Amino acid sequence: MGLSLKDLQHITKCNNTVVEKILAKIKSIDDPAKKEVFVQQAMHLIGAWSCHYSSDVLERYFLGIASQYSSPKPLPDFVKDTVLHVMTETYKTGGHTRVVERWVKADGVSRRQSLLLTSCESRDIPSVLQSVIESSGGSIYQLRDTASDLGKGLELRQIAAKYEYVVLHQHDHDVIPIIAFGNMEFKSPVFLFNHADFRFTVGFSVTDKVLTLSSWSAALANNYRGINKTCHIPLLNDSKIKTL
């Protein structure tokens, strides 16, 4: 027997209360090690039916880390007409993997498109995606297995500085982009494709524009995330698929 609406509302209210208490702890604690423990707890629980779509407390925490650590060597100048798409991992079928593939295919004629994966779990990148990246003259990067989130963030910052534009398609709990782009030394504009508009997501504070596919998604970003820097983009259709 499934849960009733009343049951779900009760679970959500309880989860919200727990997460709010953890976020309050994060704000009140000065000890970095203890604060990190509560941050990890919050990141684990906040997406589980807690009515949180974003968190200023968590954004400020990761921005603090980003601002403390400059790149170990000077950032390179960007190359004009280049785009770096940042993903956590790719999938063989569907989802935002196909969005990136179609985006690269549509825009690869005028700009060189590259792809960076923050997770090494995605070893087998779909051949079609690889092909369109190569056809645009772009590169594919995977961050080091052994690096910490901070190490990966600094590595991403160094690579991304070579690109005129950065587009984020990362998973909602991936903190590597906010560590990479939360430092003032990074200058290129960053766009976040809001494919998980119905879930908690971290990283809105480092984006110049949040890209949405519908007016509903834009309204949710404004009303529940406090974001007014949205931009509506059209759905990227596959021209080979016939529509009814």
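Got at least one residue in segment 56-74 being touching a His at 6+ places or on another chain (Cβ under 9 Å) and part of a loop (DSSP other than H, G, I, E, B)?
no
Would you mind stating whether Asn222 is without any contact (Cβ under 8 Å) to a residue 24 or more places away in the chain and out of contact with any helix residue (DSSP H, G or I) (no Cβ under 7 Å at 6 or more places or on another chain)?
yes
Please work out if Tyr141 is under 27 Å from Met43 (Cβ atoms), aromatic (Phe, Trp, Tyr) and surrounded by fewer than 23 Cβ atoms within 10 Å (Cβ to Cβ).
So Tyr141 fits the description; yes.
With the structure loaded, tell me whether Gly137 is under 21 Å from Ile233 (Cα atoms) and of a type outside the set (Val, Ile, Thr) or whether it fails that test. Before the answer, list the steps.
Numbers: under 21 Å from Ile233 (Cα atoms): no; of a type outside the set (Val, Ile, Thr): yes.
Here the answer is no, as Gly137 does not meet what is asked.
Considering only segment 13-56, how many residues are open to solvent by 50 Å² or more (accessible area, probe 1.4 Å) and of a type in the set (Gly, Ala, Ser)?
Here the count works out to 3.
Kindly provide the set of residues from segment 104-115 that are open to solvent by less than 40 Å² (accessible area, probe 1.4 Å), more than 14 Å from Pro126 (Cα to Cα) and part of a strand (DSSP E or B), ordered by number. I'd like the intermediate steps shown before the answer.
Let us first name the residues in segment 104-115 that are open to solvent by less than 40 Å² (accessible area, probe 1.4 Å), namely 104, 107-108, 113-115.
Of the ones still in play, those that are also more than 14 Å from Pro126 (Cα to Cα) are 107-108, 113-114.
Residues satisfying the conditions are Gln113, Ser114.
Using the structure shown, decide if Glu59 is out of contact with any Leu (no Cβ under 6 Å at 6 or more places or on another chain) and open to solvent by less than 20 Å² (accessible area, probe 1.4 Å).
Taking the combined requirement at face value, the residue satisfies it.
In segment 91-103, is there at least one residue being in a loop (DSSP other than H, G, I, E, B), open to solvent by less than 60 Å² (accessible area, probe 1.4 Å) and touching a residue at least 24 places away in the same chain (Cβ under 8 Å)?
Checking segment 91-103: not a single residue is in a loop (DSSP other than H, G, I, E, B), open to solvent by less than 60 Å² (accessible area, probe 1.4 Å) and touching a residue at least 24 places away in the same chain (Cβ under 8 Å).
Considering segment 160-188 alone, what residues qualify as being charged (D, E, K, R) and either at pLDDT 95 or above or in contact with a Cys (Cβ under 9 Å, 6 or more places away or on another chain) (or both)?
Lys162, Glu164, Asp174, Glu185, Lys187 - these are the residues of segment 160-188 that are charged (D, E, K, R) and either at pLDDT 95 or above or in contact with a Cys (Cβ under 9 Å, 6 or more places away or on another chain) (or both).
Of these, Phe204, Phe191, which one is at pLDDT 95 or above and in contact with a strand residue (DSSP E or B) (Cβ under 9 Å, 6 or more places away or on another chain)?
Phe191
Got a number for residues in segment 110-147 being touching a helix residue (DSSP H, G or I) at 6+ places or on another chain (Cβ under 7 Å), of a type in the set (S, T, N, Q) and free of Cβ contacts under 8 Å to residues at least 40 places away in the same chain?
Count: 2.
Mind listing just one residue for me: the one in segment 148-191 that is in a strand (DSSP E or B) and touching a helix residue (DSSP H, G or I) at 6+ places or on another chain (Cβ under 7 Å) and, of those, surrounded by the fewest Cβ atoms within 10 Å (Cβ to Cβ)?
At the first step, the residues of segment 148-191 found to be in a strand (DSSP E or B) are 163-168, 190-191.
Keeping just the survivors that are touching a helix residue (DSSP H, G or I) at 6+ places or on another chain (Cβ under 7 Å) gives 166, 168, 190.
Numbers: Val166: 28, Leu168: 28, Val190: 22.
Selected residue: Val190.
Could you check, for segment 70-78, whether at least one of its residues is among the polar types (S, T, N, Q) and either free of Cβ contacts under 8 Å to residues at least 24 places away in the same chain or open to solvent by less than 10 Å² (accessible area, probe 1.4 Å) (or both)?
no
For segment 192-211, name all the residues that are assigned to a helix (DSSP H, G or I) and either within 16 Å of Asn222 (Cβ to Cβ) or open to solvent by 50 Å² or more (accessible area, probe 1.4 Å) (or both).
Phe204, Ser205, listed by residue number.
The values are calculated or read from the model by the stated rules, or taken from the named source; none is laboratory data. Everything quoted here is computed from the prediction, not taken from an experiment. Backbone-built Cβ (ideal geometry, glycine too); neighbour counts: all protein chains shown. Note: areas computed on protein heavy atoms with side chains; ligands, DNA, RNA excluded. Shrake-Rupley method; radii C 1.70, N 1.55, O 1.52, S 1.80 Å.
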